[in-house]
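Written below as structure tokens is the structure these notes are about.
The values are calculated or read from the model by the stated rules, or taken from the named source; none is laboratory data. Computed from a predicted structure; not experimentally measured. Cβ atoms come from the backbone with ideal geometry, glycine included; neighbour counts cover every protein chain shown.
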């Protein structure tokens with residue numbers, strides 16, 4: 001094989017998001033470990049008969065440091081054992097917690113093997129143009145926007161309160177895997193589809209597509225728009241940020257809130273963790289859900305599995321949009337339809353975080369060409385969060 005051919009093969013692998021090392025020509029993960037490089041075997045098991053595409057594997061960095069002190073956050077690499085392919089990784093530092101992330105796809109009940117090792121010096125770390133991304137957007141009335149390769153969203157800041165007051169989620173649709181948020185804001189005319197997607201969903205003073213707020217006397221009690229934001233991590237595999245809301249009145253009592261939202265590559269749903277501070281109450285009724293519109297009555301409710309979905313026409317005749325909300329099995333919810341919303345309501349202790357998942361799809365993506373496909377995605381997603389992957393670190 002000529003040097004030119006080798007460089008071509010490696011270039012293709014970079015575009016695919018990782019290195020595929022040829023045993024005869026380059027250093028494989030197995031060979032590198034055999035030459036004395038730091039290495040640990042990682043076993044990842046899918047415990048259920050459901051496929052898991054783009055599954056994020058999270059490893060405790062402190063545990064890795066204890067067993068492999070020669071590894072650093074800068075030189076650590078993950079190699080898939082079967083293919084000898086180095087994967088895109090991400091270090092997430094959040095307070096005292098540090099995680100090493102990588103992704104894989106698993107067939108039903110599949111077991112895969114990986115090695116954590118030192119990145120070979122002769123190779124650059126794998127990278128990809130496909131990433132998660134989030135940012136504050138002061139040039140557009142204090143929006144906060146975020147996206148991955150599947151979906152995009154935004155929430156509203158104080159500069160937009162002259163028009164919209166909500167903690168609701170605005171769903172942007174996209175049909176390309178590369179980032180679009182900055183492009184849409186730069187071009188400004190994102191209510192039209194020029195081949196990549198756009199903003200074809202109306203939030204108004206509601207929960208929009210999967211927001212959460214307190215529920216009192218049959219009404220969703222929205223706060224004013226967020227007043228502070230904080231980015232904790234920003235791709236390529238996971239982006240995390242926090243939004244803080246000023247105190248507001250719920251049933252005559254004062255409540256304030258911090259939302260932590262994270263989005264992983266390859267997923268249509270966000271993980272949203274809400275912390276309500278209510279000094280004059282021990283418990284609070286809160287609800288996550290979807291605003292219903294006159295244009296559609298297509299709803300899906302699985303009360304036993306805390307899953308709801310909605311299917312409605314996109315503004316501008318740009319196809320159909322699906323919204324969905326899912327809670328894990330550790331939270332007992334009640335389905336409520338009130339104040340124009342389809343909701344999953346929870347009686348929850350104050351000062352205790354609560355997490356759920358919400359997101360959207362667009363039928364212009366063939367994966368979600370019908371409402372039934374969106375429902376099946378949510379059903380499978382629920383099984384995945386209730387049955388997490390099993391991770392073992394071996395010598």
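Computed values, structure above
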{"read-out": "Candidates 190, 201, filtered to the one that is part of a loop (DSSP other than H, G, I, E, B), closer than 23 Å to residue 162 by Cα, in contact (Cβ under 8 Å) with a residue 24 or more places away in the chain and not assigned by TED's automatic domain parsing to the domain that holds residue 105", "value": "201"}
{"read-out": "Given (1) surrounded by fewer than 19 Cβ atoms within 10 Å (Cβ to Cβ); (2) under 17 Å from residue 133 (Cβ atoms); (3) modelled with pLDDT under 95, index of the condition residue 190 fails", "value": "(1)"}
{"read-out": "Subset of region 250-260 that is farther than 30 Å from residue 373 by Cβ and touching a residue at least 12 places away in the same chain (Cβ under 8 Å) - its residue that is surrounded by the fewest Cβ atoms within 10 Å (Cβ to Cβ)", "value": "254"}
{"read-out": "Some residue of region 248-255 being under 21 Å from the mean Cα position of the chain (by Cα) and either assigned to a loop (DSSP other than H, G, I, E, B) or in the same structural domain as residue 369 (by TED's automatic domain parsing) (or both)", "value": "no"}
{"read-out": "Which listed residue, of 75, 70, 54, is touching a strand residue (DSSP E or B) at 6+ places or on another chain (Cβ under 7 Å) and within 30 Å of residue 226 (Cβ to Cβ)", "value": "54"}
{"read-out": "All positions within region 79-99 that are free of Cβ contacts under 8 Å to residues at least 60 places away in the same chain and crowded, with 21+ Cβ neighbours inside 10 Å", "value": "79"}
{"read-out": "Output for region 118-138, where each listed residue is outside any loop (DSSP other than H, G, I, E, B) and at pLDDT 95 or above", "value": "133, 134, 135, 136, 137, 138"}
{"read-out": "Selection within region 215-236 - over 17 Å from the mean Cα position of the chain (by Cα) and either buried (at least 24 other Cβ atoms within 10 Å of the Cβ) or assigned to a loop (DSSP other than H, G, I, E, B) (or both)", "value": "215, 217, 218, 220, 221, 222, 223, 224, 225, 226, 227"}
{"read-out": "Residues located in region 237-249, provided they are buried (at least 22 other Cβ atoms within 10 Å of the Cβ) and farther than 21 Å from residue 142 by Cβ", "value": "237, 238"}
{"read-out": "Sole exception among (1) assigned by TED's automatic domain parsing to the domain that holds residue 245; (2) part of a loop (DSSP other than H, G, I, E, B) for residue 144, by number", "value": "(2)"}
{"read-out": "Looking only at region 321-333, and only at residues there that are surrounded by 24 or more Cβ atoms within 10 Å (Cβ to Cβ) and in contact with a helix residue (DSSP H, G or I) (Cβ under 6 Å, 6 or more places away or on another chain), the one that is farthest from residue 255 (Cα to Cα)", "value": "322"}
{"read-out": "Residue among 173, 151 that alone is within 23 Å of residue 369 (Cβ to Cβ) and crowded, with 24+ Cβ neighbours inside 10 Å", "value": "173"}
